[in-house]
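Structure record follows, encoded as structure tokens.
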Amino acid sequence: MKMYGIPNCDTVKKARTWLAGHKFEVEFHDYKKQGVPLDVLKKAAKQLGWEPLINKKGPTWRKQPDELKDSITTQKAGFEFLEATPSAIKRPLLDVNGTYYLGFSAEQYQEIFKK
């Protein structure tokens, strides 16, 4: 199991705390230090779509000029934006045996791990 995100993100912290509290070990990939793995984003996009990978509710997206936001209409443009702006990736992205999950809620993780 591998988690992708930014360690000081509150949602990532909550997800990591939940996993640790339920005795799950997770490898962590820090977008800021290790870069954005486009191959992983592409795999996640096949399952989730590319648009949900962009956190359009976060401050990073809201601070972008409207012209830039309006220009992101394809997966290619979306990935180029996310590679240049890792803080705009919705977090965390969790890979559980090749199945990807985006974001965190305790209910979501309980559902994922009850299987």
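The values are calculated or read from the model by the stated rules, or taken from the named source; none is laboratory data. These numbers come from a predicted model, not from an experiment. Note that we place each Cβ from the backbone using ideal geometry, even for glycine, and neighbour counts take in every protein chain shown.
Quick one: count up the residues across segment 1-13 that are assigned to a helix (DSSP H, G or I) and either closer than 16 Å to Asp95 by Cβ or without any contact (Cβ under 8 Å) to a residue 12 or more places away in the chain (or both).
Number satisfying all stated conditions: 3.
Considering only segment 14-33, state which residues are surrounded by 14 or more Cβ atoms within 10 Å (Cβ to Cβ), assigned to a helix (DSSP H, G or I) and either in contact with a strand residue (DSSP E or B) (Cβ under 9 Å, 6 or more places away or on another chain) or among the hydroxyl-bearing types (Ser, Thr, Tyr) (or both).
The answer is Ala15, Arg16, Leu19, Tyr31.
I need a count of the residues in segment 1-33 that are among the β-branched types (Val, Ile, Thr), under 15 Å from Gln108 (Cβ atoms) and within 13 Å of the chain's Cα centre (by Cα).
2
Which ones in segment 72-88 are surrounded by 13 or more Cβ atoms within 10 Å (Cβ to Cβ) and free of Cβ contacts under 8 Å to residues at least 60 places away in the same chain?
Within segment 72-88, Ile72, Gln75, Ala77, Gly78, Phe79, Glu80, Phe81, Leu82, Glu83, Thr85, Ala88 qualify.
Out of all the residues in segment 86-111, which are β-branched (Val, Ile, Thr) and either closer than 15 Å to Asn8 by Cα or at pLDDT below 95 (or both)?
Within segment 86-111, Ile89 is the sole residue that qualifies.
Does Val36 qualify as being closer than 20 Å to Val12 by Cβ, within 15 Å of the chain's Cα centre (by Cα) and assigned to a loop (DSSP other than H, G, I, E, B)?
Yes.
Return only the number of the condition from (1) surrounded by fewer than 17 Cβ atoms within 10 Å (Cβ to Cβ); (2) in contact with a Gly (Cβ under 9 Å, 6 or more places away or on another chain); (3) of a type outside the set (Phe, Trp, Tyr); (4) not in a helix (DSSP H, G or I) that Lys43 does not satisfy.
Tallying (1) surrounded by fewer than 17 Cβ atoms within 10 Å (Cβ to Cβ); (2) in contact with a Gly (Cβ under 9 Å, 6 or more places away or on another chain); (3) of a type outside the set (Phe, Trp, Tyr); (4) not in a helix (DSSP H, G or I), Lys43 fails exactly one: (4).
Filter segment 67-111 down to the residues that are of a type in the set (S, T, N, Q) and assigned to a helix (DSSP H, G or I) and list them by number.
Ser71, Gln75, Ser87, Gln108, Gln110 - these are the residues of segment 67-111 that are of a type in the set (S, T, N, Q) and assigned to a helix (DSSP H, G or I).
Would a scan of segment 46-66 turn up a residue that is assigned to a helix (DSSP H, G or I) and of a type in the set (Gly, Ala, Ser)?
The answer is no, given that none of the residues of segment 46-66 is assigned to a helix (DSSP H, G or I) and of a type in the set (Gly, Ala, Ser).
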